[in-house]
Every structure is written in C-alpha cells, then in structure tokens.
Amino acid sequence: MKNRLSDLRREWGVTQEELADALEVSRQTISSIENGRYNPSIVLAFRIARFFKTTIEQVFIYDEKEGW
C-alpha cells in the first residue's frame, strides 16, 4: 500500500521522531510505513489520519491491482 506520510510530515513540519512520540510508536515504525515496508494496523492508520486532521484515504492509497 502506498502512502503520503512523508509528504504530510514535511507539510506540517514534523519529524519522524515527533510523529512517533505523538502516536506512541517507534521512529522505526514511522520510517517503515513511509518506505512501504510496513502496513499499519487500522487503529494506527486512524491515529495517523487524525493527527494530520484528514482521512485515511488522504494518507494511504490502496491500489486494487495489488490485490488482497
């Protein structure tokens, strides 16, 4: 799944460490999400979207071609 997390972070002027602290996850988790190595749980996805005052669909891009 693709995402706009790094773009949103830059727009908001937030570091990976600051976002990780706010979401109570590790900086490595944020990095892994941004690099597409880790798909967050639905709960974490909602928390990320709420942090940036947007929707999950504005953060995460689901490509149906990738399949289930």
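Remarks
- Other residues lying with their Cβ under 14 Å from the Cβ of Val59 contribute a combined charge of +3, Lys and Arg counting +1, Asp and Glu -1.
- Counted by neighbouring Cβ atoms within 10 Å, the residues Asp21, Asp7, Asp63 run from fewest to most as Asp63, Asp7, Asp21.
- In a simple Cβ point-charge model (Lys, Arg +1; Asp, Glu -1; nothing else charged), region 2-66 has a dipole of about 40 debye relative to its Cα centre.
- 222 nm mean residue ellipticity, helices alone, for the chain (DSSP H n ≥ 4; -39,500 (n - 2.57); rounded to 500): -14500 deg cm²/dmol
- In terms of overall dimensions, region 2-66 has a Cα radius of gyration and Dmax of 10.9, 34 angstrom.
Computed from the coordinates by the stated procedures, all read-outs in this text should not be read as laboratory data. Values in this document were obtained by computation on a predicted structure and should not be read as measured data. Cβ sites come from the backbone with ideal geometry, for glycine too, and all protein chains shown count toward neighbours.
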